[in-house]
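Comments concern the structure below.
The values are calculated or read from the model by the stated rules, or taken from the named source; none is laboratory data. Here the structure is a predicted model, which means the values were calculated and not measured. Here Cβ is always computed from backbone atoms with ideal geometry, including for glycine, and neighbour counts include all displayed protein chains. What goes into the accessible areas is simple: the full protein's heavy atoms, side chains included, and nothing from ligands, DNA or RNA. Shrake-Rupley method; radii C 1.70, N 1.55, O 1.52, S 1.80 Å.
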Amino acid sequence: DAGVTQSPTHLIKTRGQQVTLRCSPKSGHDTVSWYQQALGQGPQFIFQYYEEEERQRGNFPDRFSGHQFPNYSSELNVNALLLGDSALYLCASSLASEQFFGPGTRLTVL
Amino acid sequence: KQEVTQIPAALSVPEGENLVLNCSFTDSAIYNLQWFRQDPGKGLTSLLLIQSSQREQTSGRLNASLDKSSGRSTLYIAASQPGDSATYLCAPRQGTYKYIFGTGTRLKVLA
């Protein structure tokens, strides 16, 4: 079992650009959640996808959007990037209670 | 709004000590609570999951307790080792869908 995988590992963008991050859940998991972790902070919940629908959303602007595919993999899209969007973006998958996290994508916005 | 506090923020101890990491949360209406470990620049590794109806969970040298009514959880690490050095995060599950994280306890175990 490969666990939760994320791509790319690192990404550098400039302000105003758009970015897409990808996540493949742990085998058998049908729920994917996305988190943003700024340096020195705990992860902050962005949103969760289940059955290809956004099930719940945290306090993030509409510039952050996502998608879940029939195979349960997911994408996080961020439009009109700001310097403050620089962070580690974590994907977590779950089937019932326990969440399993991927290694994250480090996004740097210049 | 759920707020999670972890004390201490940082801890440096010699190898072999038994450790206590504290987590408090303001809203006791949680579904469960999960403890994670995070190495620098890496993702989170799940350590223990305690359901809201449970009082504690154990895995090897780790033991986590939960007192939901008082909004507290404690992670005990027995006989600490240098390999335990990492940031430890607690996360109560709010409602059925999202986890709220504290800022973590940065642990350094000296050989």
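Ligands, DNA and RNA left out, the accessible area of chain A computed with a 1.4 Å probe is 49% carbon and sulfur. Computed across the protein assembly as shown, the Kirkwood hydrodynamic radius from all distinct Cα-Cα pairs reaches 17.9 Å. Taking 0.36 nm per residue of separation and subtracting the Cα-Cα distance, full extension of the segment from A:Ser97 to A:Tyr50 would add 15.5 nm. Look at the stretch B:36-42: the mean tally of other chain Cβ atoms within 10 Å of its residues' Cβ atoms is 3. Under the criterion of Cα pairs below 8 Å and six or more residues apart, the relative contact order for chain A equals 37 percent. Residue-wise HN-Hα couplings along the range A:3-12, as the Karplus relation 6.51 cos²θ - 1.76 cosθ + 1.60 with θ = phi - 60° gives them from phi, are x, 7, 10, 9, 9, x, 6, 9, 8, 10 Hz; Gly and Pro carry x. Each of the peptides A:16-27, B:76-87 was scored by the mean count of other Cβ atoms within 10 Å over its residues; in descending order, highest first, they stand as A:16-27, B:76-87. Among the residues of B:75-84, the average count of other protein chain beta-carbon atoms within 10 Å of the residue beta-carbon is 0. Chain B packed on chain A takes about 1600 Å² of accessible surface away from a 1.4 Å probe, both sides summed. Per atom type, the range B:32-111 shows carbon and sulfur on 47% of its accessible surface, probed at 1.4 Å. A 1.4 Å probe run over the range A:10-110, with the rest of the protein chains in place, finds 46 Å² accessible per residue.
Of all aspartates and glutamates in the structure, those lying under 13 Å Cα to Cα from A:Lys13, and not within fewer than 8 positions of it along the same chain, are A:Asp85. Taken along the Cα-to-beta-carbon direction at a fixed 7 Å, the label points for A:Asn77 and B:Ser28 span 4.5 nm.
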